[in-house]
Amino acid sequence: MTAPEIHVDVAPELALFVPHARRHGSTALAVDGVSTLGHVVESLGVPLTEVGALVVDGCRVPVGHVPADGESVSVRPVTRPQRVPGAPLRFLLDVHLGTLARRLRLLGVDTAYESTDIGDPALAARSAAEQRVLLSRDRGLLRRRELWAGAFVYSTRPDDQLDDVLDRFRPELRPWTRCTACNGLLREATKEEVADQLAQGTHRAYDVFAQCGSCGRAYWKGAHHDQLEAIVERAVTKHGDHG
């Protein structure tokens, strides 16, 4: 007896997740009549965090739909900007995305980050407990059922990673309001309040300071400020009209 078969068309935006043979047009796929369409799509390599809609014979269906013999399935990408209902938009990044975490914090985006590898179960649990969108390049991590929400980071380059996250989620940008070290909120501070953190030359050369309300770290417009200013200016120019 011939196994039931469906025809699957994966959107070009999701092609990198599937084998080369399935990247162009509709291809046949055997199904067992029991597994859900969500499971079938994940078995192809596509994390459900990246799927905006599953369409069967022209009608949108939930991930729990069990595909039947002869159905035509279209796997579509998330619609941008992607809305994340149920909580304020905030992120959690895994250990491999430290530069992206610091840049998001620089722009004032609420971004938690694990600087050590605490393991996939703990990351997924934190995403759920704090209702944060987990950003990762680990497809297996994004498949964990306990995740509250997640998104795949498509590039390995920090500039492109930042552009992609800002384009996809359109968070409100509030540059220079968060600590890049711990994500705490910054406040204005006097030189006297942060004097114990300043080298003698810094103490003489600068008069305007900020301090993190959580970890106490001091900030001023030092040697790397122009580089940071360029990152902020580029992001605000390109994405700052959204929020």
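The values are calculated or read from the model by the stated rules, or taken from the named source; none is laboratory data. In this text, all values refer to a predicted model and were calculated from it rather than measured experimentally. Areas reflect the complete protein model, heavy atoms only, side chains present, ligands, DNA and RNA absent. Shrake-Rupley method; radii C 1.70, N 1.55, O 1.52, S 1.80 Å.
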*Using Cα atoms only, what is the angle between the long axis of helix 158-169 and the major principal axis of the chain, expressed in degrees (0 to 90) to the nearest 10?*
70
_Gaussian network model of the chain, springs between alpha carbon atoms under 10 Å - residue of Ala205, Ala53, Ala195 with greatest fluctuation_ = Ala205
*For Cys182, Cys212, Cys59, write out the residues from largest to smallest accessible area, computed with a 1.4 angstrom probe and no ligands counted.*
Cys59, Cys182, Cys212
*Remind me, relative contact order of the stretch 5-77 in percent, using alpha carbon pairs under 8 angstrom and six or more residues apart?*
44
_Principal-axis tilt of helix 120-130 within the chain, Cα atoms, nearest 10 degrees_ = 70
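Expressed as a whole percentage, what fraction of the accessible surface of the chain belongs to carbon and sulfur atoms when a 1.4 Å probe is rolled over the protein heavy atoms? Please list the in-between numbers first.
Values: 6450 of 12790 Å².
Accessible surface attributable to carbon and sulfur in the chain totals 50 percent.
Counting only heavy atoms of the protein chains, get the accessible area per residue of the stretch 96-243 (1.4 Å probe) and round it to a whole Å² value. Don't skip to the answer; put the middle values down first.
Working: 7930 Å² over 148 residues.
The answer is 54 Å² per residue.
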*Pop out the Kirkwood hydrodynamic radius of the stretch 85-191 from its pairwise C-alpha distances, inverse of mean 1/r, in Å to one decimal.*
14.0
*Can you tell me the alpha carbon radius of gyration of the chain divided by the globular rule-of-thumb value 2.2 N^0.38 Å?*
1.25
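Report relative contact order for the chain in percent, whole number only (criteria: Cα-Cα under 8 Å, sequence separation at least 6). Mind showing how you got there, number by number?
Working: 417 pairs, mean separation 36.8, N = 243.
The normalised contact order for the chain reaches 15 percent.
Compute for the stretch 5-77: radius of gyration divided by Kirkwood radius, i.e. Rg/Rh, restricted to C-alpha atoms, rounded to two decimals. Mind dumping the intermediate values first?
Working: Rg = 10.7 Å, Rh = 11.9 Å.
My calculation of the ratio gives 0.90.
Considering all projection directions equally, how large on average is the shadow of the alpha-carbon convex hull of the stretch 159-200, in square nanometres?
Numbers: hull surface 18.4 nm².
Quarter of the Cα hull surface area: 4.6 nm².
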*Amide H neighbours of Arg174 under 5 Å, counting only residues 5+ apart in sequence or on other chains, H built in-plane at 1.01 Å?*
Gly108, Val109
*Please determine, in degrees from 0 to 90 and to the nearest 10, the orientation of helix 225-239 with respect to the longest principal axis defined by the Cα atoms of the chain, where the helix direction is its Cα long axis.*
40
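May I ask for the Kirkwood hydrodynamic radius of the stretch 189-243, worked out over all distinct Cα pairs and given in angstroms to one decimal?
Working: mean 1/r = 0.0776 Å⁻¹.
Mean inverse Cα-Cα distance, inverted, gives 12.9 Å.
Please compute one quarter of the surface area of the Cα convex hull for the stretch 3-127 and express it in square nanometres.
Numbers: hull surface 38.1 nm².
It is 9.5 nm².
Mean residue ellipticity at 222 nm from the helices of the chain, using -39,500 (n - 2.57) per DSSP H segment of n ≥ 4 over the full residue count, to the nearest 500 deg cm²/dmol? Please report the intermediate quantities before stating the final value.
Values: 8 runs with 69 residues, N = 243.
Mean residue ellipticity, 222 nm, calculated: -8000 deg cm²/dmol.
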